[in-house]
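The values are calculated or read from the model by the stated rules, or taken from the named source; none is laboratory data. On a predicted model such as this, the values are computed, not experimentally measured, just so you know. Reconstructed Cβ throughout: ideal geometry from the backbone, glycine too, with neighbour counts over all protein chains shown.
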Amino acid sequence: MRKNFLYLVILLFSPFIVLSQQPKKLNASEIYESIKKLNFLGSVLYVAAHPDDENTRLISYLSNETKAQTAYLSLTRGDGGQNLIGPEIRELLGVIRTQELLAARKIDGGQQFFTRANDFGYSKNPEETLAIWNKNEVLSDVVLAIRKFKPDIIINRFDHRSPRSTHGHHTSSAMLSVEAFDCSNDKSVFPEQLKQTGLWQPQRQFFNTSWWFYGSQEKFDKADKTNLLSIDTGVYFPSKGLSNSEIAALSRSSHKSQGFGSTGSRGEAVEYLELIKGDLPKDKSNIFYGIDTSWHRVKGGDAIGQVLSKVETDFDFTNPSASIPSLITAYKLIQNLDDNHWKPIKSEEIKTIIAACAGLYLEAVSDTDHATNNSRVAVAIEMINRSHVNIIFTGLKLTDGTKSEDYKPIPLSNNKNQTFNETIIISKNQEPTTPYWLTKKGTLGMYKVTDKNLIGLPETPITYKAQFQLNIENTPIEFTRPIVYKTNDPVKGEVYKPFVIIPEASAKIPENVIIFNTDKGKEIPVIIKAGRDQVEGFVSMAHPRDWNVYPDKQIISIAHKDEEQTIVFTIIPPIDQSEGLITPMVHIADSIYTKELIEINYDHIPFQMVLLPSESKVVKLNIQKRGQNIAYIEGAGDVVPESLRQIGYNVATIAPKDIDEETLNKFDAVVMGIRAYNSVEDLKYKQPILFDFVKKGGNMIVQYNTNSKLQVDDLAPFDLKLSRDRVTDENAEVHFLNPEHPVLNYPNKITEKDFEGWTQERGLYFPNEWSADFTPILSMNDKDETPKEGSLLVAKYGKGYFIYTGLSFFREFPAGVAGAYRLFTNMLSIGKGDIKLEAKLND
Ligand SMILES: [Zn+2]
């Protein structure tokens, strides 16, 4: 059990879990800073809800100046946000944001943990959040993080006492952190965790406050600060040539999917910490005041502290290898410690320092970045010592464990490269590499993780590793390196990729949602990708019972690894409205593969392979429509054009500069993309032309904009004021204010059923004031709130219709929500009758 526990601790803290694009090679200044960190035994856990909530300035300060073990526990992976750099949303966005947090921590020196909570979208208050998350499971994960990481100090980003003042996830993160502080040391709480780790009582808990939480700088200046610590985090690091705020800005700029590029600053930068639990430090600039953070805190640690403090004072920046004999002495003393928390942490740190002092480079590079079960992979080994220290290579262990031959000892003499080749065999039972939290179907609020040892980890631990056994100054020390793949890119140079295991075959249907608006079948391509050479078998298609698929099965034969074969199935919908899932099943020998392999490839994070169930939603809609040609003007990005094409509209995307009378005349309706008036400055010159188009008989649909940073004064031809009103409960009851209104009746009769099965929310930023020219159509509200009537406003303007809607069509369309399509079709069709565009006739 003990061995298992140690393994877990190493898993949590091993730098190798972070798949770096390039291995870190410490220079003399960095080695020196690492030695100082080796001599600090204290830790801080920062707690918040999302990637980007964390205060990188404070994390960098604590890690680089205080030298504390500093970790950020983000309750979620930020799956619910929007992606500014690519098409990935939901789970895949969570994978990107996980890696962005890891990239940020590589810069600011922190570590990264998570809970199983899923970022399900905006939540107004903690009661709702904790009802959708499984409160007990999330609390359990926070307690587990505390028991494993053993922080002396916990810092909450948010205030646990002010529900409804911010996102419900935020307040919940602070509430759970406060509750966990009180129960992590109680053995009756989550007792099953004690098989993995021990109890722990943190000493102090703070709330990382600022003027923002007081409403204004003025109010904050006047506030009572007796319980507040203030820390100037604006320190300058000569060894890095950077201020702490500059490092923090680099770290924050890792959040590229959120567009959080940040510019560094220099000079004083005060952070305020309000004491929530524990005793107030006498020195109000030192959160660790009164806490022993020296080697003395570990039984038998004094001797190590003495050796290492001399290493720190004697460090020779021109010859770091001179420190190695003393470091080896300290390493041996650490191995003798009877301690299972600091021992593995400090062993890893000192090994990294010893290797860096010796200029020791160890690498295991596979000849491919991916392989399947039962395959053989060549691994090139490189070892070099760049010092006069006596180092002998005595053996190598590779993860497959099949090594039988013994190695002859090889002396690693100064600056002489040693290389040789090995082979690993991928076992036939090896699971494919994929983010561990996505392997099982979870709930709206929680990821499902069956292996308890993985809970909290930022990513799936690397399976294939090389363990180098060395004798350094006659002391055996083992160094572990992940097996990695590297290649030379003509533009980027040396590019590292993780080595991963993939299935023999994967299948992909290009469209996630396929809408059928007639009884005719559609030909649906399925792309099969081979994970190895000579993949032969057949593919069938699982489908809902009332749908038909032809043919039953199709033979596939793919000669080469990574090659694709496209086959086409005909999917035939039933007569009635219906929906369900289709899943390609790839049969190869006795195995059936039903997953899609998704690659996530960006320069700022390591390459990611993600396996998700390959499935597409098929929807048979009974839908009538009027009007045919739609102009779409892009905003912040949505899939409205593709969605409307699926139901048979001709949709053309018009650039703002091309909006003129002649162009618009070709269209029956104009649809504005989400947040178009927030993100497209040029639109301020185009409003008169667009309104004129409506006047002449065109329809104009404006989707949601936020009420800050609007580029135009006149959002509509009539008065309209946006508010922050939103309805986040996707099942909130919808009342028809004007049941006879054409938009609810023509050409499709809209009923309550059309508001079933919505996803994430009803809508956001509804107007709360509008001119009498608008007719409000729907009323809805979240629990305990007043009815909101601004979600869909329709106004006749001249011969056409202007419609403003905060309903979240941009979320419902990609989810294939039938009612959303039917309602939107009515919005496009209103006033169109059976005759052709009135605008054209009246021109
Ligand atoms: Zn947040």
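Among the residues of segment 313-324, those that are surrounded by 14 or more Cβ atoms within 10 Å (Cβ to Cβ) and of a type outside the set (Ser, Thr, Tyr) comprise PHE315, PRO320, ALA322, ILE324. Annotation note: Cβ proximity below 7 Å between a residue of segment 178-195 that is closer than 20 Å to LEU73 by Cα and a residue that is assigned to a helix (DSSP H, G or I) and among the polar types (S, T, N, Q) (sequence gap 6+ or interchain) occurs for PHE190/SER140.
Of all the numbered requirements in (1) under 15 Å from GLU274 (Cβ atoms); (2) surrounded by fewer than 15 Cβ atoms within 10 Å (Cβ to Cβ); (3) at pLDDT 95 or above, ASP159 misses one, and that requirement is (2). Taken over segment 289-326, the criterion of being more than 23 Å from PRO151 (Cα to Cα) and of a type in the set (Ser, Thr, Tyr) is satisfied by SER309, THR313, THR318, SER321, SER323, SER326. Taking residues in segment 48-61 that are in contact (Cβ under 8 Å) with a residue 40 or more places away in the chain, and partners anywhere that are hydrophobic (A, V, I, L, M, F, W, C) and near the ligand (Cβ under 8 Å from one of its atoms), the pairs with Cβ atoms closer than 9 Å and at least 6 places apart or on different chains are GLU54/ALA48; ASN55/ALA48. Restricting to segment 719-740, name every residue that is buried (at least 17 other Cβ atoms within 10 Å of the Cβ) and more than 22 Å from GLU761 (Cα to Cα). LEU720 - this is the single residue of segment 719-740 that is buried (at least 17 other Cβ atoms within 10 Å of the Cβ) and more than 22 Å from GLU761 (Cα to Cα).
Taking GLU100, is it within 16 Å of the ligand (Cβ to nearest atom), assigned to a helix (DSSP H, G or I) and surrounded by fewer than 23 Cβ atoms within 10 Å (Cβ to Cβ)? Walk me through it before giving the result.
Working: within 16 Å of the ligand (Cβ to nearest atom): yes; assigned to a helix (DSSP H, G or I): yes; surrounded by fewer than 23 Cβ atoms within 10 Å (Cβ to Cβ): no.
Taking the combined requirement at face value, the residue does not satisfy it.
Of all residues in segment 170-199, which are assigned to a loop (DSSP other than H, G, I, E, B) and either within 16 Å of the ligand (Cβ to nearest atom) or over 29 Å from the mean Cα position of the chain (by Cα) (or both)?
Filtering segment 170-199 for residues assigned to a loop (DSSP other than H, G, I, E, B) gives 184-190, 196-199.
ASN185, ASP186, LYS187, SER188, VAL189, GLY198, LEU199 - these are the residues of segment 170-199 that are assigned to a loop (DSSP other than H, G, I, E, B) and either within 16 Å of the ligand (Cβ to nearest atom) or over 29 Å from the mean Cα position of the chain (by Cα) (or both).
Quickly run through segment 643-666 and pick out the residues that are without any contact (Cβ under 8 Å) to a residue 24 or more places away in the chain and either outside any helix (DSSP H, G or I) or crowded, with 16+ Cβ neighbours inside 10 Å (or both).
Pass one, segment 643-666, residues without any contact (Cβ under 8 Å) to a residue 24 or more places away in the chain: 645, 650-655, 658, 662.
Once the filter is applied, which keeps residues that are without any contact (Cβ under 8 Å) to a residue 24 or more places away in the chain and either outside any helix (DSSP H, G or I) or crowded, with 16+ Cβ neighbours inside 10 Å (or both), segment 643-666 yields ASN650, VAL651, ALA652, THR653, ILE654, ALA655.
The requirement of being crowded, with 18+ Cβ neighbours inside 10 Å and either touching a residue at least 40 places away in the same chain (Cβ under 8 Å) or outside any loop (DSSP other than H, G, I, E, B) (or both) is not satisfied by LEU280. Taking the criterion of being within 16 Å of the ligand (Cβ to nearest atom) and assigned to a loop (DSSP other than H, G, I, E, B), the residues of segment 56-83 that qualify are LEU75, THR76, ARG77, GLY78, ASP79, GLY80, GLY81, GLN82, ASN83. Scanning segment 580-599 for residues that are modelled with pLDDT of 95 or more and among the acidic types (Asp, Glu) turns up GLU596, GLU599.
All conditions but one from (1) farther than 30 Å from LEU102 by Cβ; (2) part of a strand (DSSP E or B); (3) of a type outside the set (Asp, Glu) apply to LEU597; the one that does not is (1).
Among the criteria (1) in a strand (DSSP E or B); (2) farther than 23 Å from PRO641 by Cβ; (3) in contact with a helix residue (DSSP H, G or I) (Cβ under 6 Å, 6 or more places away or on another chain), the one THR775 does not fulfil is (3). The numbered conditions (1) away from the ligand (no atom under 16 Å from the Cβ); (2) modelled with pLDDT of 95 or more; (3) in contact with a strand residue (DSSP E or B) (Cβ under 9 Å, 6 or more places away or on another chain); (4) not in a helix (DSSP H, G or I) are all true for LEU26 except (3). For segment 143-169, a tally of residues being within 16 Å of the ligand (Cβ to nearest atom) and either farther than 30 Å from ARG724 by Cβ or outside any loop (DSSP other than H, G, I, E, B) (or both) returns 4.
State yes or no: is ASP638 acidic (Asp, Glu) and more than 34 Å from the chain's Cα centre (by Cα)? No.
What are the residues in segment 600-616 that are assigned to a loop (DSSP other than H, G, I, E, B) and exposed (fewer than 15 other Cβ atoms within 10 Å of the Cβ), if any? Walk me through how you get there before you give the answer.
Step one: list which residues in segment 600-616 are assigned to a loop (DSSP other than H, G, I, E, B), which gives 601-607, 614-615.
ASN601, ASP603, listed by residue number.
Regarding segment 229-245, can at least one residue be identified that is modelled with pLDDT of 95 or more and on the phi > 0 side of the Ramachandran plot? There is at least one residue in segment 229-245 that is modelled with pLDDT of 95 or more and on the phi > 0 side of the Ramachandran plot.
Among residues of segment 351-375 that are within 18 Å of GLN21 (Cβ to Cβ), those with a Cβ under 6 angstrom from a residue that is among the charged types (D, E, K, R), sequence gap 6+ or separate chain, pair up as LEU362/ARG481; GLU363/GLU382; ALA364/ARG481; VAL365/LYS486; ASP369/LYS497.
Working carefully through the options PRO435, PRO409, find the one that is crowded, with 19+ Cβ neighbours inside 10 Å, in contact with a Ser or Thr (Cβ under 7 Å, 6 or more places away or on another chain) and not aliphatic (A, V, I, L, M).
Working: PRO409 fails: crowded, with 19+ Cβ neighbours inside 10 Å.
Of the residues listed, the single one that is crowded, with 19+ Cβ neighbours inside 10 Å, in contact with a Ser or Thr (Cβ under 7 Å, 6 or more places away or on another chain) and not aliphatic (A, V, I, L, M) is PRO435.
Looking only at segment 293-306, residues that are crowded, with 17+ Cβ neighbours inside 10 Å and more than 39 Å from the chain's Cα centre (by Cα) come to 3 in all.
Condition check ((1) in a helix (DSSP H, G or I); (2) within 38 Å of the chain's Cα centre (by Cα)) across all residues:
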{"residue": "ILE674", "(1), (2)": "no, yes"}
{"residue": "ASN678", "(1), (2)": "yes, yes"}
{"residue": "ASP725", "(1), (2)": "no, yes"}
{"residue": "ALA732", "(1), (2)": "no, yes"}
{"residue": "ASN738", "(1), (2)": "no, no"}
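Restricting segment 409-455 to residues that are of a type in the set (Gly, Ala, Ser) and in contact (Cβ under 8 Å) with a residue 60 or more places away in the chain, the residue that is farthest from LEU396 (Cα to Cα) is GLY445. Scanning segment 672-688 for residues that are over 9 Å from VAL702 (Cα atoms) and touching a Leu at 6+ places or on another chain (Cβ under 7 Å) yields TYR677, ASN678.
With respect to (1) in contact with a Pro (Cβ under 8 Å, 6 or more places away or on another chain); (2) at pLDDT 95 or above, the lone exception for ALA180 is condition (1). Counting the residues of segment 33-55 that are out of contact with any strand residue (DSSP E or B) (no Cβ under 6 Å at 6 or more places or on another chain) and more than 14 Å from the ligand (Cβ to nearest atom) gives 10. Please specify each residue of segment 331-364 satisfying the condition of being over 21 Å from GLY42 (Cα atoms) and among the charged types (D, E, K, R). Hits for segment 331-364 are LYS332, GLU363.
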